[in-house]
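Each remark here refers to the structure printed beneath this line.
Please treat every number below as a calculation from the coordinates, not as lab data. Note that the coordinates shown come from a computational prediction; the quantities given were computed from them, not determined experimentally. Glycine gets a Cβ as well: all are built from the backbone with ideal geometry, and neighbour counts include every protein chain shown.
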Amino acid sequence: MKILFAGGGSVGHIAPSVAVWQAMKQLDASTEPLFLCSDRMEDLNYIAKERVPVRAVALPKRNLWMPMLLVQAYRQAALSIRLFKPDVVFSKGGAVSVPICLAAWWKKIPIVLHESDARMGIANRMIAKIADTVCLGFDETMIVDPRMQVTGNPVRAGVTKGVKEEGLRITGFSGDRPVLMVIGGSQGATAINDVVRTLLPKLLETFDVIHLTGPGKNGAPKTAGYFAKEFAYEELPHLYAVTSVALSRAGAGGICELAANGIPTILTPLRGVANDHQQANALAAARSEGCIVLPQEKLSAELLPTLQNMIEPGRHVLLSERISGLNPPNAAQRIAEIIRSTAKK
């Protein structure tokens, strides 16, 4: 079976596809993949680490050239489909997935769509109209439609297999203090980075701090108990293994990786972008009672006391247990089964 994986524009559209591909390999070792992603180097570099075939499609942008870019992207996608001859398309969304899925639909190739967020984005709402099956990360997204089913969000197999000792070696931490991980998302979060730099002396009185700043974003000056890096890939599972609590934006993929590792998390959603999906994700995750939603404007005043409360021994154990139940651990396997059954219809 041949599967075309479509989506890009951020790691949030790429990492779940990688997780599904890993599950497909376990299900059927003869499966052949082709990843079609945007022409962003972040997308291409991320997929390249998986050593799978990948091709870039022009990323449509909202400007005067968008119609021309859509036509260009459609032609690129149609050519790749003609050459690869996929049995099924798995789409993770993002603007680049629209021309890819349109080209597949025109060729009558079945489409399995996955929506990670608690509120469906514009691109996925368009694709949902032509998809054979729509998988959902959160049941909040569910509407009455026989094509829809809640699968949870797929998480890469290695994400939960970090080794604490390796995490301590990477960071240089002693392991004697609780560790706070700060994640701004794959594209970084300037506001969160600014708050962390300002509060760092106070944070370091209690915590060692892992600060994933995002590409091109600056952390604080190097100091004992503080480990900063723009982005982590192979090291990330080991960093999760040493983390006690986290502060994160509210992208669905990041939330579910933290949940898979049982890490109690403060979510500070980025508001007002892409249908305000991060706010919807944060509120959905908070219902597990393993996450706390802290708006950006309250970070400076409330971050420290909230973290102190979260690391109280009994409280920390309870939060860890609750967030662990947020996302089904077999989501990638369930989606892989759906892809296989859809391809055979």
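Stretched out fully, how many nm does the piece from residue 169 to residue 108 gain, at 0.36 nm a residue minus the Cα gap? Spell out each step's value before the answer.
Numbers: separation 61, 0.36 × 61 = 21.96 nm, distance 5.14 nm.
Stretched fully, the residue 169-residue 108 segment lengthens by 16.8 nm.
Take the cross-link list 229/298; 25/229; 49/164; 49/92; 92/202 and give me the ones stretching past 29 Å between alpha-carbons. Intermediate values should be presented prior to the final figure.
Values: 229/298 25 Å; 25/229 31 Å; 49/164 23 Å; 49/92 19 Å; 92/202 40 Å.
Those over the limit are 25/229; 92/202.
At 37 °C and a viscosity of 0.692 mPa s, what translational diffusion coefficient does Stokes-Einstein give for region 280-324, taking Rh as the Kirkwood radius over Cα pairs? Give it in µm²/s as a whole number.
Values: Rh = 11.2 Å.
The diffusion coefficient I find is 294 µm²/s.
To two decimal places, what compactness ratio does the chain give when its Cα radius of gyration is scaled by 2.2 N^0.38 Å? Write down the numbers at each step before the final one.
On the way: Rg = 20.1 Å, N = 345, 2.2 N^0.38 = 20.3 Å.
Rounded to two decimals, the normalised Rg is 0.99.
Which of the peptides 26-39, 80-93 is most tightly packed, and how do the rest follow, judged by the mean count of other Cβ atoms within 10 Å per residue? Please report the intermediate quantities before stating the final value.
Values: 26-39: 18.1, 80-93: 21.5.
So the peptides 26-39, 80-93, ranked by packing, come out 80-93, 26-39.
Once the cut-off is 19 Å, how many percent of the Cα-Cα pairs in region 158-324 end up in the long-distance tail?
Values: 7026 of 13861 pairs.
Summing the P(r) tail past 19 Å for region 158-324 gives 51 percent.
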